[in-house]
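The values are calculated or read from the model by the stated rules, or taken from the named source; none is laboratory data. Bear in mind that the values here come from a model prediction, so they are computed numbers and not experimental data. FYI the Cβ positions are ideal-geometry reconstructions off the backbone, even for glycines, and counts take in every protein chain you see.
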Amino acid sequence: MTTIILGAFIFAVIAFRIMRHFGIHRWQVSIGLLILAVFLYVLNISLIRYFIRKRASDFASSEEGVPGIQKWEVTAGLGIVPKWVSFIGLLFVSALITAVLPWIVIFIKSIF
């Protein structure tokens, strides 16, 4: 949770500085953050699949090993996927929050 909050703060500061320096609109920065979030998500999923295939190829499947649980899900917490890959996934959430939260706040302010 700390990583997500810290990442959102850092992305927000960077986004504000980009808006000020280049004189672009908030919606353009939000679209850039959404593109960054999609990139981080795809990178995270690709790296997870790569490390599971490389280090535990028996579990590199979406078949159910146990009823209701896919084989690749069993690898969670075993150290097969490095922590920095999980960090990229948390940065995806941070970028998404930073892109969407200002618009939610504006929407709520407009209602009240």
Exercise. List, please: which pairs have Cβ atoms under 8 Å, are six or more places apart or on different chains, and start with a residue in segment 74-102 that is more than 12 Å from residue 44 (Cβ to Cβ) and end with one that is basic (Lys, Arg) and not in a loop (DSSP other than H, G, I, E, B)?
Worked result: 80/55; 102/26
For this session: Specify which of the listed residues (8, 37, 12) is in contact with a Leu (Cβ under 6 Å, 6 or more places away or on another chain), modelled with pLDDT of 90 or more and assigned to a helix (DSSP H, G or I).
Result: 37
Seminar exercise, completed: How many residues of segment 72-112 are more than 19 Å from the chain's Cα centre (by Cα), among the aromatic types (Phe, Trp, Tyr) and either surrounded by 15 or more Cβ atoms within 10 Å (Cβ to Cβ) or at pLDDT below 90 (or both)? The answer is 2
Exercise. Do you know which residues across segment 68-112 are within 16 Å of residue 4 (Cβ to Cβ) and among the polar types (S, T, N, Q)?
Worked result: 86, 94, 98
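Among 13, 29, which is β-branched (Val, Ile, Thr), closer than 22 Å to residue 98 by Cβ, exposed (fewer than 13 other Cβ atoms within 10 Å of the Cβ) and under 21 Å from the mean Cα position of the chain (by Cα)? Please lay out each step first, then the result.
Details: 29 fails: exposed (fewer than 13 other Cβ atoms within 10 Å of the Cβ).
None of the others qualify; the one that does is 13.
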